[in-house]
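Asker: Handing you a structure now.
The values are calculated or read from the model by the stated rules, or taken from the named source; none is laboratory data. This one's a predicted model, so the numbers in the text were calculated from it and none came from an experiment. Here the Cβ is made from the backbone with ideal geometry for all residues, glycine too, and neighbour counts use every protein chain on show.
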Amino acid sequence: MYIILVHSHVYPEHVERFREITLQNAEASRGEAGCVRFDVLQQMDDPTRFTFIEMFKSEADALTHRETPHFKKWLEEAVPLMVEERRRIIYRDVSLTEK
């Protein structure tokens with residue numbers, strides 16, 4: 001499993017727009033063959049901060065995701081709404097639980 005946590009910080013006046021375009025991207029991403037999971041979290045004590053949990057079957061699937069039209073559209077629209085560059089951290093699974 002290839003897991004990416006993405007941390008984004010957006011301007012307060014753009015939170016709703018960021019949520020809207022991010023949810024569209026997440027929904028489209030979940031339909032990709034190599035996407036196992038695509039979750040979007042919003043920090044409760046600071047709603048300008050978001051974390052994405054992206055799980056792909058392989059690194060190749062994650063790279064394919066980055067070439068999709070919906071991701072490219074999200075990137076074009078979302079980056080200008082961010083206070084700072086998003087931070088991506090790559091993980092591999094050690095123990096995952098599904099209920």
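Asker: Can you pull out the residues in segment 1-20 that are in contact (Cβ under 8 Å) with a residue 60 or more places away in the chain and of a type in the set (A, V, I, L, M, F, W, C)? Break it down into steps so the answer makes sense when it comes.
Answerer: Let us first name the residues in segment 1-20 that are in contact (Cβ under 8 Å) with a residue 60 or more places away in the chain, namely 1-11, 14, 17-18.
Passing the criteria: Met1, Ile3, Ile4, Leu5, Val6, Val10, Phe18.
Asker: Considering segment 80-99 alone, what residues qualify as being charged (D, E, K, R) and either surrounded by 15 or more Cβ atoms within 10 Å (Cβ to Cβ) or over 13 Å from Ile4 (Cβ atoms) (or both)? Outline the logic, then answer.
Answerer: Going residue by residue through segment 80-99, those that are charged (D, E, K, R) are 84-88, 92-93, 98-99.
The answer is Glu84, Glu85, Arg86, Glu98, Lys99.
Asker: For segment 43-66, name all the residues that are buried (at least 16 other Cβ atoms within 10 Å of the Cβ) and either without any contact (Cβ under 8 Å) to a residue 40 or more places away in the chain or among the hydrophobic types (A, V, I, L, M, F, W, C) (or both).
Answerer: Within segment 43-66, Thr48, Phe50, Phe52, Met55, Phe56, Ala62, Thr64, His65 meet the criteria.
Asker: Just the residues that are surrounded by fewer than 11 Cβ atoms within 10 Å (Cβ to Cβ) and within 18 Å of Val10 (Cα to Cα), please, taken from segment 67-79. Give the steps one after another, and end with the answer.
Answerer: To start, the set of residues in segment 67-79 that are surrounded by fewer than 11 Cβ atoms within 10 Å (Cβ to Cβ) comprises 67, 69, 76.
Once the filter is applied, which keeps residues that are surrounded by fewer than 11 Cβ atoms within 10 Å (Cβ to Cβ) and within 18 Å of Val10 (Cα to Cα), segment 67-79 yields only Glu76.
Asker: Find the strands (runs of 3 or more DSSP E) located wholly in the chain whose residues include 3 or more that are among the hydrophobic types (A, V, I, L, M, F, W, C), and list them. Steps first, please.
Answerer: Working: elements: 2-9, 35-42, 49-56, 87-92.
The strands (runs of 3 or more DSSP E) meeting that bar are 2-9, 35-42, 49-56.
Asker: Give me a count of the residues in segment 19-38 that are within 12 Å of the chain's Cα centre (by Cα) and closer than 16 Å to Phe71 by Cβ. First the steps, then the outcome.
Answerer: Of segment 19-38, the ones within 12 Å of the chain's Cα centre (by Cα) are 19, 21-30, 35, 37-38.
Subset that is closer than 16 Å to Phe71 by Cβ: 21-30, 35, 37-38.
Selection size over segment 19-38: 13.
Asker: Which of the residues that make up segment 1-20 are out of contact with any strand residue (DSSP E or B) (no Cβ under 7 Å at 6 or more places or on another chain) and either among the aromatic types (Phe, Trp, Tyr) or at positive phi (or both)?
Answerer: Tyr11
To keep it simple, each residue is scored yes or no on (1) exposed (fewer than 14 other Cβ atoms within 10 Å of the Cβ); (2) among the charged types (D, E, K, R); (3) at pLDDT 95 or above; (4) closer than 16 Å to Lys73 by Cβ.
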| site | (1), (2), (3), (4) |
| --- | --- |
| Tyr11 | yes, no, yes, no |
| Arg17 | no, yes, yes, yes |
| Ala26 | no, no, yes, yes |
| Phe38 | no, no, yes, yes |
